[in-house]
Amino acid sequence: MSTTTIRQIVRTDEDLCTGCGLCVSPCAEGAIVMVDGKAKVIREELCDGAGFCLGVCPTGALTLEYREAVPFDHDAAEAIVAEKQQNYIPQVCFRCGADEDHVPLLPVRQEGRSEWVCTRCLPTLIHG
Ligand code: SF4
């Protein structure tokens with residue numbers, strides 16, 4: 001039996017989740033999966049509670065909470081990350097098309113859309 005601890009972990013509000021699936025790929029550890037049309041953390045040990053998925057959710061269905069959960073399992077997460085790297089598709093900046101292999105990308109929300117913007121284009125986005 002796994003020992004549990006109080007820690008930060010992702011929570012889905014199923015009333016707000018539309019099942020769009022945008023949150024699945026930003027989760028490098030594969031902690032979020034779609035179950036019956038709703039995003040769920042079904043393996044708590046893969047969720048590190050970093051919250052990268054929150055920024056891409058168009059409805060605000062994802063939040064972080066402190067609750068009792070099994071500890072984050074680094075080894076299990078690394079195995080999933082290595083497996084996912086085999087099907088890795090770099091994301092691109094919606095403004096200039098630069099990919100994440102060449103410049104860091106950040107998630108942004110704009111006019112109801114979730115997009116990626118590179119750190120070179122971000123200042124223009126902020127200051128015009
Ligand atoms: S991004 Fe938000 S609305 Fe879309 S599946 Fe994930 S939790 Fe649901």
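Points to keep in mind about this one:
- Degrees, to the nearest 10: 74-85 long Cα axis against longest axis of the chain: 40 degrees
- Taking ILE89, ILE32 and counting other C-beta atoms within 10 Å, the order from fewest to most: ILE89, ILE32
- Vicinal HN-Hα couplings computed from phi for the stretch 24-29 (Karplus, 6.51 cos²θ - 1.76 cosθ + 1.60; Hz; Gly/Pro x): 5, 6, x, 7, 4, 7
- Shown here for the stretch 1-110: chymotrypsin sites (Phe, Trp or Tyr not before Pro) in loop regions (DSSP other than H, G, I, E, B) with at most 13 other Cβ atoms within 10 Å, namely TYR88.
- Cα-Cα P(r), the stretch 5-128, percent of pairs per 10 Å interval: 13, 38, 35, 13, 1
No lab work stands behind these numbers, since they all come straight from the coordinates. Here the structure is a predicted model, which means the values were calculated and not measured. For neighbour counting, all protein chains shown are included, and Cβ atoms are generated from backbone atoms with ideal geometry for every residue, glycine included.
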